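Here's the structure we're looking at; comments come further down.
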Amino acid sequence: MKQSQLFTKTQKEAPKDEVSKNAQLLIRAGYVHKEMAGAYDLLPLGFRVVDKIKQIVREEMNAVGATEFLMTSIQNKNTWTDTNRWDDEIVDVWFKSDLHAGGQVGFGWSHEEPITAMMKNHIHSFKDLPVYVYQFQNKLRNELRAKAGLMRGREFIMKDMYSFSIDEETHNVFYNQAMEAYTKSFERLGLGDDTFITFAAGGAFTEFSHEFQTICDAGEDITYINREKNIAINEEVLNEKTLKDLGITEDELEKVTTAEVGNIFNFGTEKCEQMNLYFDGPEGKPIPVHLGSYGIGITRVMGVIAEKMSDENGLVWPEDIAPFRIHLISINADIEAQDIYDKLQESGVEVLWDDRDVRPGQKFADADLIGIPHRVVISPKTIEAGGLEYKKRTDADANIISESDLFQLVK
């Protein structure tokens with residue numbers, strides 16, 4: 001893409017009402033636009049990053065045998081009354097609306113109930129199980145606090161996966177596979193070293209859950225971790241019984257601030273019994289299905305990465321989720337830059353070419369703010385010196401390299 005084709009522009013200052021670091025950087029660099037507290041538009045650069053995050057997660061979900069689909073966000077009130085989760089006293093984040101034709105609908109904050117209701121049309125016999133499905137969808141939650149940018153939105157993109165299993169043993173096998181797939185996903189997203197599987201309360205979902213918590217100063221949770229034993233406990237369930245069950249003492253734990261980037265819930269058979277999802281066993285006896293629910297906050301991950309992977313000059317994207325791999329800057333050398341740009345594209349390398357008619361200093365500042373991993377500058381000065389000026393986003397100094405060296409680097 002040529003930067004002159006982007007309708008977005010960088011900004012020196014973020015909106016005065018935006019207090020979160022991740023949103024300030026993403027707004028200033030032209031990744032998102034703030035509509036209101038907790039609601040952000042994805043601009044072209046932000047859309048590309050989210051698409052990269054989705055693809056990594058998609059590959060890991062496919063690897064455990066799950067199938068992608070997409071459900072509606074509009075929620076049938078009757079579906080949720082079966083489990084009492086239409087009640088605002090039990091679930092306090094509903095967005096609801098009155099229909100002109102009469103009655104009410106809700107807007108999806110999660111999808112356990114509607115997917116379970118749907119499966120009544122598809123699961124009848126033990127031969128129909130297991131079923132593993134997932135989707136990427138905009139969720140809507142009426143959050144009381146929406147001051148953490150993309151890390152706590154009223155609208156956000158979630159990957160939610162659901163497993164329907166024949167018995168507890170089969171469920172547990174997939175549950176553990178899903179945990180491994182989540183671990184791989186966060187490693188590929190550049191968060192692996194700071195993300196821990198955390199024992200936590202289930203909130204509006206179940207009594208207990210496993211959370212994936214990433215160490216982040218802007219997070220809203222307190223987690224106690226032991227890096228050596230790879231144990232993590234959410235503060236809300238930290239007690240003598242939990243410590244005893246895990247075989248650890250409190251003085252062995254490090255207190256850190258974290259952001260929840262994923263979670264896994266085991267519903268057992270309770271929700272399927274509530275919603276009458278049974279299958280005919282080998283002898284024709286109705287048996288309730290085991291349900292699991294698995295979520296990753298896609299846009300929240302983007303916000304956490306922006307919080308953690310940035311410096312005083314701007315964003316520093318990991319290689320695999322950056323909107324482009326190379327930021328090509330031309331200074332009075334558009335003909336030569338066009339040639340490099342074409343060759344990079346032909347080689348399948350994603351490149352953003354800053355072909356704008358602005359001062360070099362602005363181009364360099366914008367490149368740092370946008371945070372693409374590799375920067376290449378071509379100008380009469382670099383050509384005279386032997387080729388191109390190259391530096392990684394994290395490097396302090398640049399080097400002069402040849403065109404062939406550049407293509408060797410990006411292979």
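A few points about this structure:
- Segment 287-357 - charge dipole about Cα centre, Lys and Arg +1 at Cβ, Asp and Glu -1, debye rounded to 20: 620
- Computed over segment 324-409, the quotient of the alpha carbon radius of gyration and 2.2 N^0.38 Å is 0.97.
- Between MET36 and ASN84, the distance separating the two model label sites (each 7 Å from Cα on the Cα→Cβ line) works out to 3.2 nm.
- Rounded FRET efficiency, nearest 0.05, which uses the C-beta distance separating ASP128 from GLU312 and R0 of 56 Å: 0.50
- For the chain, size of Cβ-based charge dipole, Lys and Arg +1, Asp and Glu -1, in debye: 1040
- Cut-off 19 Å (backbone N to label point 7 Å along Cα→Cβ of LYS147), residues of segment 220-262: 220-222, 257-260
- Residue-by-residue Karplus 3J(HN,Hα) for segment 397-407, coefficients 6.51, -1.76, 1.60, Hz, glycine and proline x: 10, 9, 10, 8, 10, 8, 4, 5, 4, 4, 5
- Order of ARG145, ARG325 - criterion: other Cβ atoms within 10 Å of each residue's Cβ, fewest first: ARG145, ARG325
- Of the peptides 224-235, 302-313, 278-289, 394-405, the order by per-residue mean of other Cβ atoms within 10 Å, starting with the highest, comes out as 302-313, 224-235, 278-289, 394-405.
- Across GLY153, GLY386, GLY292, mean-square fluctuation computed from a Gaussian network of the chain (C-alpha pairs under 10 Å connected) peaks at GLY386.
- When each of the peptides 110-119, 170-179 is scored by how many other beta carbons lie within 10 Å of its residues on average, the order from highest to lowest is 110-119, 170-179.
- Options (1) 60, 43, 41; (2) 66, 48, 43; (3) 82, 59, 45 - which one matches Cα extents along the principal axes in Å as calculated here: (3)
- 20 Å cut-off, amide nitrogen to a point 7 angstrom out along ASP51 Cα→Cβ, residues in segment 367-411: 370-374
- 25 Å Cα-Cα threshold exceeded, pairs from LYS159/LYS308; LYS255/LYS392; LYS308/LYS411: LYS255/LYS392; LYS308/LYS411
- Here r is the Cβ-Cβ distance between ASP17 and GLU228 and R0 is 51 Å; the resulting FRET efficiency, rounded to 0.05, is 0.75.
- Annotation: the residues THR195, THR72, sorted from fewest to most other C-beta atoms within 10 Å of their own C-beta, follow the order THR72, THR195.
- Peptides ranked, highest mean first, by Cβ atoms within 10 Å: ranges 247-259, 128-140, 344-356: 128-140, 344-356, 247-259
- Dipole magnitude for segment 324-409: about 320 debye, using +1 per Lys or Arg Cβ and -1 per Asp or Glu Cβ, origin at the Cα centre.
- Result for the chain in a Gaussian network model with C-alpha springs under 10 Å: among LYS127, LYS184, LYS21, the largest mean-square fluctuation is at LYS127.
- Highest-fluctuation residue, THR214, THR198, THR83 considered, GNM on the chain with Cα pairs under 10 Å: THR83
Read-outs throughout are calculated quantities, based only on the coordinates presented, and are distinct from any laboratory measurement. Treat the numbers as computed from the prediction; the structure is a model and nothing was measured. All Cβ positions, glycine included, derive from the backbone under ideal geometry; neighbour counts span all protein chains shown.
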